[in-house]
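The values are calculated or read from the model by the stated rules, or taken from the named source; none is laboratory data. Source: prediction; values computed, not measured. We place every Cβ from the backbone using ideal geometry, glycine too, and count neighbours over all the protein chains shown.
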Amino acid sequence: MPNVPTEAQEQAALFQWIAYKAKQYPELQYCYHIPNGGSRNPIEARHLKEQGVKAGIPDIFLPCARGGWHGLYIEMKRRKGGRVSIEQKKAIIALREQGYCVEICNGWEEARNVITAYMEADV
């Protein structure tokens, strides 16, 4: 898709914004990417699986309780063209059942809006 940023580019833009907003919301400094996706050679994939990489786990986690949630997971997708896999759908349901807020965001701006709303929720 021409002129549509990749998921990696969207995520990098989001983390630039997170670094900027960490002065306003200090908890954002603990937000991190979970490297479960991407293509890898079979040996590296096997090693990562042995180390705990799990299919379907969302891309980003903010370990900060707000609004009755234990933390915020974000499954980042491109603005256009991204799809949620069956494994991701299962993980999202399971994480929500455990008390986590989980959102699917198409593009970094949508993720920014979700994070801002989450951070401003009453605990």
* **Of all residues making up the stretch 90-112, the number that are surrounded by 13 or more Cβ atoms within 10 Å (Cβ to Cβ) and either closer than 18 Å to residue 7 by Cα or of a type in the set (Asp, Glu) (or both)** => 11
* What number goes with the only condition from (1) at pLDDT below 95; (2) assigned to a helix (DSSP H, G or I) that residue 80 does not pass? -> (2)
* Asked: Could you say which residue among 43, 18, 104 is modelled with pLDDT of 95 or more, aliphatic (A, V, I, L, M) and part of a helix (DSSP H, G or I)?
  -> 18
* **All positions within the stretch 1-32 that are charged (D, E, K, R) and closer than 12 Å to residue 77 by Cβ** => 7, 10
* Would you mind finding the one in 87, 50 that is out of contact with any helix residue (DSSP H, G or I) (no Cβ under 9 Å at 6 or more places or on another chain) and in contact (Cβ under 8 Å) with a residue 12 or more places away in the chain? => 87
* Asked: more than 24 Å from residue 20 (Cβ to Cβ) and touching a strand residue (DSSP E or B) at 6+ places or on another chain (Cβ under 9 Å): does that describe residue 84?
  -> yes
* To do: Only residues that are free of Cβ contacts under 8 Å to residues at least 40 places away in the same chain, over 17 Å from residue 34 (Cβ atoms) and under 14 Å from the mean Cα position of the chain (by Cα): list them for the stretch 90-115, please.
  => 106, 109, 110, 113
* Identity of the residue in the stretch 1-55, surrounded by 12 or more Cβ atoms within 10 Å (Cβ to Cβ) and aromatic (Phe, Trp, Tyr), that ends up farthest from the chain's Cα centre (by Cα) -> 25
